[in-house]
Amino acid sequence: MHTVVADLGFPLWLRVQHLINLIFMGLLIRSGIQIVGSYPRLYWNRHSEPGTEWLKFTRKPIPKGRTWITLEQEEPVSPWLAQPGGNNLGLGRHWHFFSIMFWVLNGVIYVILLFATGEWVRLIPTSWSIFPAALHTFVTYITLHIPPASAFHPYDPLQQLAYASVVFLLGPFLIITGAGQSPAIEAQFPRFSRLLGGRQSARSLHFLGLLAFIAFIIVHVALVVITGFGPNMDKIVLGQDHGSEGLAVGIGLGVLALVFIFYGLSSWWSRRNPRKAQLALGGVDHLLVAPLSNVTKSHQDYAPKDISPFFLVNGWPPQDAEFATLRANDYVDYHLTIEGLVEHPMQLSLAQLYAMEPQEQITQHNCIQGWSGIAKWKGIPMTYILNRCEPLPNAKYVVFHSYSKDTQGHEYYEVLDLALMQHPQTILAYEMNDQPLPYEHGAPVRLRVETQLGFKMVKWLRAIEFTDDYRRIREGQGGSREDEKYYERDAGI
Ligand SMILES: Nc1nc2c(c(=O)[nH]1)N[C@H]1C(S)=C(S)[C@@H](COP(=O)(O)O)O[C@H]1N2
Ligand SMILES: [Mo]
């Protein structure tokens, strides 16, 4: 068996897939670094309280004695490291999800071909003796020796184990820990989330997976160089050890240079044309993200003991006089406007809202930046409001307007699909942890949609508008964060 495999060169499909994998792995690592920069603190606990992180990549202090928001904690990342670099969480995520789709597809085809062609014997150990043999190889390398040629069948035991682990363990581990951070998946499968220790632990594990991948790449490349760069490149690039090493090294390094140039140019392009990048990459991501957003339902039901002792704030509270007056009078003059494509437009006072049958839920809030926290929310199910106002048949979207401003000084608004309003845990919340909703968390009323990312849950609600098209609103992307920060409209991941 061994001799047969040793004779196998690298078939063309394997070499092409190796290159595709390299391109997308690089994009995933780069965009992953971008995403970490948006909230550069990693936790093992569920509450994301500053100071309890096990690792951070920021020297920014936590402001004391004033309200601060988590957007202030973003760290720009150099485009040498991150895709596309700077403070670009939205675009970084587009690159990440875009790459995931092609990386996973490539991986699946690879595994299928591996088994279909018999090449699997390269990777998958067929005897327990691989472990002592691998240890032996490890000792050989660590004492600065190179195993004899006879140890490679075609890989040496340590190499074979490492490759098999990366393909069959590390790859799936990254997919699982990535999925474990999606609010839609977590809301649909709370037990899966618990298994990973919650979203923060999933994020930390995902990051450790990234480090493991980087470590693998460094060792892998180093060994390719040490154990015979020319012949190895000959196999990787041309498929066989033909003795055309110069050509192989030339082609190999040339292709690698092209890949790096592509990273640089595509990052530069997406920073120069963020809207185009959002639409182009987002159009592809949509295939992955939209089903998650639209199919999942929230079954979250945390226990009171899970409630976060501390809950981060994002988004600046309203600054205008109108809201200040409302607030000064304890919101007695507050009215929530319900308008647009409805049978019965209306104005609801707080007293009218309080008179309706409320619902309570203990759920996890997931900010797109990466932090999360658990709280108990009380409010009116949106289904109840729908029954009262009766949306017209052509109503497809619901626009939530607020009293606060986004980072460009426009009204903060977000658009949600009408279908999400039917979800059992979509409520207009007026209490948080058994207290009236605190000012910084969106008093007097905010939205909760428990399968979505936090930016969709508009605080300081002013009006709810039913519409058939959101494209004519402002920049037409479906919300403040989509307009100004190029986030995706489907916020399930
Ligand atoms: N009106 C308004 N609502 C908003 C925001 C905002 O800036 N303005 N920020 C959103 C974001 S990004 C998040 S993560 C949550 C934060 O909710 P919290 O401050 O209660 O934690 O509110 C969302 N709702
Ligand atoms: Mo957020």
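Restricting to segment 456-474, and then to whatever is of a type in the set (Phe, Trp, Tyr) and out of contact with any Ser or Thr (no Cβ under 8 Å at 6 or more places or on another chain), can you tell me which residue is nearest to ligand 2 (Cβ to nearest atom)?
So in segment 456-474, the residues of a type in the set (Phe, Trp, Tyr) come out as 460, 466, 470.
Okay, now just the ones that are also out of contact with any Ser or Thr (no Cβ under 8 Å at 6 or more places or on another chain), so 466, 470.
Numbers: PHE466: 25, TYR470: 20 Å.
My answer is TYR470.
Yes/no per residue for (1) farther than 30 Å from ARG66 by Cβ; (2) assigned by TED's automatic domain parsing to the domain that holds ALA82; (3) touching a helix residue (DSSP H, G or I) at 6+ places or on another chain (Cβ under 7 Å):
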residue: LEU265; (1), (2), (3): yes, yes, no
residue: HIS286; (1), (2), (3): yes, yes, no
residue: PRO291; (1), (2), (3): yes, yes, no
residue: ASP320; (1), (2), (3): no, no, no
residue: ALA328; (1), (2), (3): no, no, no
residue: VAL332; (1), (2), (3): no, no, no
residue: ALA355; (1), (2), (3): yes, no, no
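Among the conditions (1) in a helix (DSSP H, G or I); (2) touching a helix residue (DSSP H, G or I) at 6+ places or on another chain (Cβ under 9 Å), the only one that ILE380 does not satisfy is (1).
Just checking, does segment 461-476 include any residue being within 14 Å of ligand 1 (Cβ to nearest atom), crowded, with 18+ Cβ neighbours inside 10 Å, among the hydroxyl-bearing types (Ser, Thr, Tyr) and at pLDDT 95 or above? No, there is no match, as no residue in segment 461-476 is within 14 Å of ligand 1 (Cβ to nearest atom), crowded, with 18+ Cβ neighbours inside 10 Å, among the hydroxyl-bearing types (Ser, Thr, Tyr) and at pLDDT 95 or above. Within segment 130-159, restricting attention to residues that are more than 17 Å from VAL224 (Cβ to Cβ) and among the small types (Gly, Ala, Ser), the residue that is surrounded by the fewest Cβ atoms within 10 Å (Cβ to Cβ) is SER150.
Of the numbered conditions (1) near ligand 1 (Cβ under 8 Å from one of its atoms); (2) in contact with a strand residue (DSSP E or B) (Cβ under 7 Å, 6 or more places away or on another chain), GLY442 fails exactly one; give the number of that condition. Among (1) near ligand 1 (Cβ under 8 Å from one of its atoms); (2) in contact with a strand residue (DSSP E or B) (Cβ under 7 Å, 6 or more places away or on another chain), the lone unmet condition for GLY442 is (2). Counting only helices (runs of 4 or more DSSP H) that sit completely within segment 173-236, those holding 1 or more residues that are in contact (Cβ under 8 Å) with a residue 12 or more places away in the chain and surrounded by fewer than 18 Cβ atoms within 10 Å (Cβ to Cβ) correspond to 190-195, 199-226, 229-233.
Restricting segment 53-91 to residues that are within 16 Å of ligand 1 (Cβ to nearest atom), of a type outside the set (S, T, N, Q) and part of a helix (DSSP H, G or I), which is farthest from VAL284 (Cα to Cα)? Restricting to residues being within 16 Å of ligand 1 (Cβ to nearest atom), of a type outside the set (S, T, N, Q) and part of a helix (DSSP H, G or I), the top hit is GLU72.
Among the residues making up segment 400-409, a single one is farther than 12 Å from LYS459 by Cα, away from ligand 2 (no atom under 15 Å from the Cβ) and in contact with a helix residue (DSSP H, G or I) (Cβ under 7 Å, 6 or more places away or on another chain): GLN408. Every test in (1) within 26 Å of the chain's Cα centre (by Cα); (2) more than 19 Å from GLN319 (Cα to Cα); (3) at pLDDT 95 or above is passed by ASP490 save one, and that test is (3). The helices (runs of 4 or more DSSP H) located wholly in segment 251-362 that include 2 or more residues which are surrounded by 12 or more Cβ atoms within 10 Å (Cβ to Cβ) and away from ligand 1 (no atom under 16 Å from the Cβ) occupy 274-295, 350-354. Residues that are within 11 Å of ligand 1 (Cβ to nearest atom) and part of a strand (DSSP E or B) were ranked within segment 363-373; the one that is surrounded by the fewest Cβ atoms within 10 Å (Cβ to Cβ) is GLY373. Within segment 307-335, residues that are in contact (Cβ under 8 Å) with a residue 12 or more places away in the chain and on the phi > 0 side of the Ramachandran plot have Cβ atoms under 8 Å from residues that are in a loop (DSSP other than H, G, I, E, B) and within 12 Å of ligand 1 (Cβ to nearest atom) in these pairs: GLY315/ILE69; GLY315/LYS459; TYR331/ALA443, counting only partners at least 6 apart in sequence or on another chain.
Give the residues of segment 451-460 that are part of a loop (DSSP other than H, G, I, E, B), near ligand 1 (Cβ under 6 Å from one of its atoms) and closer than 20 Å to LYS297 by Cβ, sorted by residue number. If you could, list the steps in order and put the result at the bottom.
Quick first cut of segment 451-460, residues part of a loop (DSSP other than H, G, I, E, B) only: 451-453, 457-460.
Imposing the further condition that a residue be near ligand 1 (Cβ under 6 Å from one of its atoms) reduces the set to 457-460.
Passing the criteria: only MET457.
When you look at ARG448, is it within 13 Å of ligand 1 (Cβ to nearest atom), modelled with pLDDT of 95 or more, in a strand (DSSP E or B) and under 19 Å from TRP371 (Cβ atoms), yes or no? Against the criterion (within 13 Å of ligand 1 (Cβ to nearest atom), modelled with pLDDT of 95 or more, in a strand (DSSP E or B) and under 19 Å from TRP371 (Cβ atoms)), ARG448 qualifies.
The values are calculated or read from the model by the stated rules, or taken from the named source; none is laboratory data. Note that the structure is predicted; figures quoted are calculated from it, not measured. Heads up, the Cβs are rebuilt from the backbone with ideal geometry, glycines too, and the neighbour counts pull from every protein chain shown.
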